[in-house]
Amino acid sequence: MYVLPWVGSKSFRTLERLMKHNLSKKLALRSVVPMEPYYFVVSGKIDERTLLAEIMSECRTAEDASALLAEDEAPYLGKYDEFVAPPLIREAFAVDGLDLDGLKAGLQQTLEWDSSGSNRT
C-alpha cells in the first residue's frame, strides 16, 4: 500500500521513524520504504484504515519527538559529533530533524480532506 502524507520534510522523517521503529513489529509490517519526500511503500498484513488509526494513536501518545528515539540512539548530525555528548545529539536531532506536532497537524488535515472528498458525488 502507498502512504501519501501531505506534510513537510521534517514531518515526513518523523512519520518514517514512527512507522519503522514504533509500529513495524506491532503491526507486522514487512517493509516501510520511504520515497522522500513524497510517499511511503508499506507492505504487511494490515489495511489502510488500521494503519492510519495506529499512526494517529502513536502520535497522540508520544509526548515529544525525542520519544521516537531509542534510549541509546544518537543519530549522526555532523563531523563534530564525536566531541558532543550523545544526549545533546539526541536532543538536537529531535528538535532540528523531527516535527511531531507538524505530523499531527498534517495527518489531521489529510483526514479532513479525505472525509470531505469522499462525500462528493
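For this structure, a couple of remarks:
- The residues neighbouring Met56, those whose beta-carbon lies less than 11 Å from its own, together hold a net charge of +1 under the Lys/Arg +1, Asp/Glu -1 convention.
- Both the radius of gyration and Dmax for the chain are 15.5, 60 Å, in that order, over alpha-carbon atoms.
- The distance linking the stretch 12-40 with the stretch 87-108 is 15 Å (Cα centroid to Cα centroid, whole angstrom).
- Cβ-defined net charge surrounding Gly78, 15 Å radius [Lys, Arg +1; Asp, Glu -1]: -2
- GNM remark for the chain: springs join alpha carbons under 10 Å apart, and the peak mean-square fluctuation among Glu73, Glu91, Glu16 falls on Glu73.
- Heavy-atom accessible area per residue - the chain, 1.4 Å, Å²: 65
- Restricting attention to the chain, the count of lysine pairs at 8 or more positions apart or across chains with alpha carbons under 16 Å apart stands at 5.
- Split the chain at each of the chymotrypsin sites (Phe, Trp or Tyr not before Pro) in a DSSP loop with at most 15 other beta carbon atoms within 10 Å, and the longest piece is 81-121.
- Per DSSP, loop trypsin sites (Lys or Arg not before Pro) in the stretch 1-79 with at most 12 further Cβ within 10 Å: Lys25, Lys26, Lys45, Lys79
- Here each label is just a point 7 Å from Cα along the line to Cβ, and for Ser24 and Tyr2 those points are 2.3 nm apart.
- Whole-percent carbon and sulfur share, accessible surface of the stretch 24-121, 1.4 Å: 53
The values are calculated or read from the model by the stated rules, or taken from the named source; none is laboratory data. It should be emphasised that the depicted structure is a prediction, and the values quoted were computed from it without experimental measurement. For neighbour counting, all protein chains shown are included, and Cβ atoms are generated from backbone atoms with ideal geometry for every residue, glycine included. These accessible areas exclude ligands, DNA and RNA; they are computed on the full protein's heavy atoms, side chains included. Shrake-Rupley method; radii C 1.70, N 1.55, O 1.52, S 1.80 Å.
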